[in-house]
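Right, one structure below, let's go through it.
The values are calculated or read from the model by the stated rules, or taken from the named source; none is laboratory data. Quick caveat: nothing in here was measured; it's all calculated off a predicted structure. Cβ sites come from the backbone with ideal geometry, for glycine too, and all protein chains shown count toward neighbours.
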Amino acid sequence: MAGRCGTVRIQADGVMMGTGTPWVGPTARRAARWVGLGLAALLLTGCEEQAETAAPAAAAPPAVTVITLQPTEITPGVTFNGRVVAVDTVDLRARVTGFLQERRFEEGADVAAGDLLFVLEKDPYQAVVAQRQAELASAEANKANTAAQLQRGEELLQNNNIPRSEVDLRRAEDLMADAAIQEAQAALEQAQINLSYTDIHAPIDGRISRADVSVGNLVGPDSGVLATIVSQDPIYVTFPVSQRRLLEYRREQGGEGGDPVVRVTLPDDTLYEYPGEIDFLDVQVDPGTDTVTVRAELPNPERVLVDGQFVGVRVEAGEPVAVLAVPQAALQVDQAGPYVLVVGEGDQVEARRVTLGDTEGARTVVEEGLEEGERVIVEGIQKVRPGMAVAASEAPAEGASQGVSQDQQSRG
C-alpha cells in the first residue's frame with residue numbers, strides 16, 4: 001500500500017515449504033483477494049471523507065449596523081437626577097360626620113374644579129337647618145313684639161303715663177331681641193354650611209386617585225383621606241444642585257446669556273418633547289448634602305410626566321457647539337476604560353479608546369478618540385471582536401439610538 005490515499009497494492013504471502021520457496025494454495029489466494037478488496041474499500045472511503053472535511057465552505061462575515069459620525073450641535077449643559085412634582089396636590093377629607101352615600105367619579109380620571117365627587121347623607125343636616133330656621137322665625141317674632149312694646153311705652157312716657165324705668169326695661173328687651181335674631185341667623189348659617197359639607201367637590205383641576213373609603217362607611221374629619229387630586233399641566237421637576245456647581249455656573253455666565261433651558265430625559269432614555277424653565281431656587285442649603293433644590297416648570301399636555309417620577313435633567317445654557325456624539329449603547333468599558341468598535345479599512349473591526357464628555361439622552365459626547373466620517377458599530381457588537389471582517393450596513397438616520405437600545409437589550 002503506497003501512501004495514505006494513493007495506489008493500494010495487496011500482496012498475499014504464502015507459507016514457506018521446505019526449500020524456502022513460497023507456496024500459496026488456491027484457497028489462500030482467494031481469501032487474500034477478498035481481504036485486499038475490503039481494505040481498499042475502507043481506505044478509499046476514508047480518503048473521500050478526508051477530502052470533504054479538508055475544504056470546508058468559507059463562513060460569511062457577521063453582519064453589523066454602523067453609524068457614520070457627523071458633527072452634531074449640542075448646547076453646553078450639566079446633567080442631574082430629578083423628580084417630578086405636581087404643582088398642586090389636594091387630599092380630600094370629610095369636614096362633617098356622616099355615612100358616605102355616593103361616589104361620583106371614576107378612579108384615575110381627570111376632574112375639573114367644582115365637580116361633585118362624594119355625597120354624604122344629608123337628612124340629619126337638613127333637619128338641623130329646618131330647626132335653625134324655626135328658631136330664627138321665633139326670634140324675629142319676639143323682636144316684633146318687643147319693638148311694639150317699646151314704641152307704646154315711649155308714647156305713654158310723653159304724657160307721664162308710664163314710669164321711665166318701664167320704658168328703659170322695654171328698650172333693653174328690644175335690644176335683646178335683636179341679639180337673639182343675630183344668634184339665630186348665625187346658627188342657621190352654620191347649619192347650612194354643615195349641610196353644604198355633605199357634598200365634596202373638587203377644589204382644583206387634576207387627576208384623582210382611587211377612593212380610599214367605600215360607599216356605606218361612616219366618615220368624618222378624623223377618618224383620613226378619601227381621595228387625592230394632583231394637578232397635571234403644568235408640572236414641576238425638582239433636582240439638587242451642589243453649591244460648588246452653582247458657583248461655577250454663576251462665574252461661567254458672568255451675568256451674560258439668557259435663562260437656562262431645562263430638558264428632561266424619560267426613564268426609557270428618550271428626550272421629553274417640551275423644555276422648561278427654572279422658576280424657583282431654594283433659599284436654604286441642605287446641610288447634609290450641601291445642595292440647593294432647584295425647581296423647573298414644564299408643560300405636560302399629554303400627561304407623560306407623573307407626580308413622583310424619577311427623570312434625568314439637563315440644564316443647558318450658552319450657544320450650541322458642534323461635537324461628535326455616539327449612542328450610549330455603542331460604548332464598551334473594560335479595565336483600561338471606555339472604547340468603541342469601529343469598522344476600518346477592509347471592513348475590519350478596530351477598537352478605539354475614547355475620552356467621553358457630557359451625556360444627553362441616549363447620546364454621549366466623545367471628546368477624543370474618534371474622527372468625523374468613521375463608522376461606529378451600534379448593532380451586533382456582541383458578535384464581533386477586533387480584527388474580524390464584518391458586513392456593515394448603515395443604521396437608519398432616525399433609528400441609530402433605537403437600534404442601539406435593542407442591541408443593548410440583547411447584551412443585558
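Observations, loosely collected:
- Residue match in segment 121-138 (condition: more than 60 Å from the chain's Cα centre (by Cα) and in the same structural domain as GLY206 (by TED's automatic domain parsing)): yes
- Residue within segment 72-91 that is touching a strand residue (DSSP E or B) at 6+ places or on another chain (Cβ under 9 Å), of a type in the set (Lys, Arg) and not assigned by TED's automatic domain parsing to the domain that holds LEU218 present: yes
- A single member of VAL96, VAL128, VAL119 is in a loop (DSSP other than H, G, I, E, B), out of contact with any Cys (no Cβ under 8 Å at 6 or more places or on another chain) and under 24 Å from ASN217 (Cα atoms), and it is VAL96.
- When every residue of segment 206-213 is checked against the conditions, none turns out to be out of contact with any helix residue (DSSP H, G or I) (no Cβ under 7 Å at 6 or more places or on another chain), assigned to a strand (DSSP E or B), closer than 30 Å to ILE74 by Cα and not β-branched (Val, Ile, Thr).
- On the stretch given as segment 59-104, residues that are aromatic (Phe, Trp, Tyr) and either at pLDDT below 90 or under 26 Å from the mean Cα position of the chain (by Cα) (or both) total 1.
- Where ILE193 falls short, out of the listed (1) in a helix (DSSP H, G or I); (2) among the hydrophobic types (A, V, I, L, M, F, W, C); (3) under 33 Å from the mean Cα position of the chain (by Cα): (3)
- Across segment 339-349, the number of residues qualifying as part of a strand (DSSP E or B) and over 26 Å from GLY77 (Cα atoms) comes to 5.
- VAL365 being outside any strand (DSSP E or B), of a type in the set (A, V, I, L, M) and under 29 Å from the mean Cα position of the chain (by Cα): no
- Taking the conditions (1) of a type in the set (Lys, Arg); (2) within 30 Å of TYR274 (Cα to Cα); (3) surrounded by fewer than 15 Cβ atoms within 10 Å (Cβ to Cβ) in turn, ARG83 satisfies each one other than (3).
- Listed here are the strands (runs of 3 or more DSSP E) enclosed by segment 272-338 that have at least 1 residues being small (Gly, Ala, Ser): 276-281, 291-298, 310-316, 321-323, 325-327.
- For the residues LEU169, LEU120, the requirement of being touching a strand residue (DSSP E or B) at 6+ places or on another chain (Cβ under 6 Å), over 30 Å from ARG303 (Cβ atoms) and either crowded, with 17+ Cβ neighbours inside 10 Å or of a type outside the set (Gly, Ala, Ser) (or both) singles out LEU120.
- Pairing each residue of segment 307-332 that is closer than 26 Å to VAL230 by Cα with any residue that is aromatic (Phe, Trp, Tyr), provided the two are 6+ apart or on different chains, yields C-beta distances under 6 Å for VAL313/PHE80; VAL313/PHE239.
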